[in-house]
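Data first, discussion second: the structure below is written as structure tokens.
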Amino acid sequence: MESDRIRETFLRFFAERGHRRVPSSSLIPPPESGLLLTNAGMNQFIPYFLGQAQPPSPRATSVQKCFRANDIENVGHTARHLTFFEMLGNFSFGDYFKADAAKLAFELITEGYGIDGDLLWVTVYETDDEAADIWADLVGIPRERAVRRGKDDNYWWTHAAGPAGPSSEIFVDRGARYGPDGGPAVDEERFMEIWNLVFMQEEVDAEANVVRPLPAKNIDTGAGLERVAVVLQGVDNAFETDGLRSLLEVAESLSGSRHGEDERRDVSLKVMAEHGRATSMLIADGVQPSNEGRGYVLRRMLRRVATHAQRLGVERPVMVPLVERTVELMGGAYPELVENRDYVLQVASSEEERFRGTLRQGLVLFEEAASRAGGTLMSGDDAFALHDTHGLNVELIEELAEDRGLSVDLHRFEELMAEQRRRAKESVHKGAVSGDVVDEVAARVGRTEFVGYERLEQDTAIGGLVV
């Protein structure tokens, strides 16, 4: 079952059972969410869970674009870590609760997706006797295939203040070739989690401490499309599913490498494929490269793509074909990709072009620094020079060093960064003495009008330069 059909099967199943189909919200969450990027299907429904707004329907279903920045370094090094992913979800705002959520999930998995119910395991929160009884008595999953777990595993929150609750995860046994028997407590490669049912009943603070019960008992579920596709397409990992496999083929074509032939080159191929898709989705939703916040996440990922392409010997830009394949694959589900295609291409290719020249020189200097490393430690001074003068961020330097069996003297690196920040602050303070000079130049030049909302280019002239 291909990804397009997985999406539509999910949405149709819940629409036929009274759920309103809701389009994905942007990857840029509302400011009040406290989130850097949208990280779950429930983000757009937070006001309904908290009782701050009336939902247009008591039930909803969606396929949400999600992004989790904490997995960037793992992408390419593992078979399952992704930054961007799609979350299939069904939601109840004070309508049905645990029993119906469990029964609906089991029906879709076994009848809609055709997965054998005997392959299913579940986990429940350690004190949630009700959920354990529902799975055994109403759904029919044997009690020995229901595992109780603590707060780290089976209590869900957004990692910001907001709605939360105990959860129940659904796992599929993929067979003995993926690991030992014994359920998800023994091996989560063999027993792959595909769906998390959250019983959203509490509000927590930023430290996950319960503040109050929510006005109603709600349901928030999330099934990772890529994980469902792994099971339904009978492949080993997310990079072999139809969507990411197609992007991997673009990376193979650009580099002349074949995934599966060399472990080190495989890392670079996977980074290009995954980050190519993820950055396309971020830019289409309005994220722009910058040195802070979500813009820094985007810039860092685009630079990882360029770096890994360079390591594969690719001498030409790679973002244009990766963006175009992403639009081709996902434009039907997310029309904003098609509508913003030219903009995405322009932003991605411009950032890549600016970085490629710097990167070529930086990689040569990195190799020189690596050869000077004593033992297994790269000098913090060398790392700082690569960062400060040649634009390689410290995470990238660490990755490159790790490939050479080295670690970086981060203590010395941070000392030099702190010294740089101190000098910059002193420079700004000293510059304030010459504020009358700035005022004089500003008065002579006159007001500068910002026209960025109307056009992308503007002929202008420098009116003054204060050093």
Handout entry: the stretch 144-173 residues near the modelled VAL186 label - backbone nitrogen below 14 Å, point 7 Å along Cα→Cβ
Key = 144-147, 173
Handout entry: Difference of contour (0.36 nm per residue) and Cα-Cα distance, VAL441 to SER290
Key = 51.5 nm
Practice task
With a point put 7 Å past each Cα toward its Cβ, work out how far ASP381 is from GLU32 in nm, to one decimal.
Solution key: 5.4 nm
Fill in the blank from the handout: A correct Karplus calculation of ³J(HN,Hα) over the stretch 161-175, with 6.51 cos²θ - 1.76 cosθ + 1.60, θ = phi - 60°, whole Hz and x for Gly and Pro, returns 4, x, x, 7, x, x, 10, 9, 9, 10, 10, 10, 7, 8, x
Practice task
For THR389, THR38, write out the residues from largest to smallest accessible area, computed with a 1.4 angstrom probe and no ligands counted.
Solution key: THR389, THR38
Completion exercise
About its Cα centre, the chain carries a charge dipole, from +1 on Lys and Arg Cβ atoms and -1 on Asp and Glu Cβ atoms, whose size in debye to the nearest 20 is 700 debye
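Ignoring ligands, DNA and RNA, what accessible area per residue does the chain give at 1.4 Å, in Å²?
On a per-residue basis, 47 Å².
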Practice task
Grab the Cα-Cα distance for LEU50 and ASP242, subtract it from 0.36 nm times how many residues apart they are, and report the gain in nm with one decimal.
Solution key: 65.4 nm
Exercise for the section: Rounded to whole Hz and in sequence order, give me ³J(HN,Hα) for the stretch 144-157 from the Karplus expression 6.51 cos²θ - 1.76 cosθ + 1.60, θ = phi - 60°, writing x for Gly and Pro. Expected result: 6, 9, 10, 9, 8, 9, x, 5, 4, 9, 10, 9, 10, 8
Handout entry: Point-charge dipole on Cβ atoms (K/R +1, D/E -1) for the stretch 199-260, about Cα centre, debye to 20
Key = 120 debye
Completion exercise
In the chain, lysine pairs 8 or more places apart or on different chains with C-alpha atoms under 28 Å apart total 10
Exercise for the section: Any chance you could run the full-extension gain for ALA418 through ARG212? It's 0.36 nm times the residue separation minus the Cα-Cα distance, nm to one decimal. Expected result: 70.0 nm
Exercise for the section: Measure off 7 Å from each Cα along the Cα-to-Cβ vector at GLU126 and THR110, then give the distance between these two points in nanometres to one decimal. Expected result: 3.1 nm
Practice task
List the residues of the stretch 271-296 whose backbone N lies under 14 Å from a point placed 7 Å from the Cα of LEU365 along the Cα-to-Cβ direction.
Solution key: none
Practice task
Find the Cα radius of gyration of the stretch 14-103, compare it with 2.2 N^0.38 Å by division, and give the number to two decimals.
Solution key: 1.22
Practice task
With the full set of protein chains in place, find how many percent of the accessible area of the chain is carbon and sulfur; take the probe as 1.4 Å.
Solution key: 48 percent
Exercise for the section: With viscosity set to 1.002 mPa s and temperature to 20 °C, compute the Stokes-Einstein D of the chain, Rh being the Kirkwood radius across alpha carbon pairs; µm²/s, no decimals. Expected result: 86 µm²/s
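Per residue, how much space in cubic angstrom lies within the convex hull of the C-alpha atoms of the stretch 146-292?
Taking only Cα atoms, the stretch 146-292 has a hull volume of 176 Å³ per residue.
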Practice task
Treating the Cα atoms of the stretch 1-57 as identical point scatterers in vacuum, please give the log10 of the normalised Debye intensity I(q)/I(0) at q = 0.23 Å⁻¹, two decimals.
Solution key: -1.02
Problem - HN-Hα J in Hz across the stretch 233-241 - Karplus 6.51, -1.76, 1.60, θ = phi - 60°, x for Gly and Pro - result: 9, x, 10, 7, 7, 4, 6, 9, 6
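The values are calculated or read from the model by the stated rules, or taken from the named source; none is laboratory data. Quick caveat: nothing in here was measured; it's all calculated off a predicted structure. Glycine also receives a Cβ, built like all others from the backbone with ideal geometry; neighbour counts cover every protein chain displayed. We work out accessible area using only protein heavy atoms, side chains counted, and drop any ligands, DNA or RNA first. Shrake-Rupley method; radii C 1.70, N 1.55, O 1.52, S 1.80 Å.
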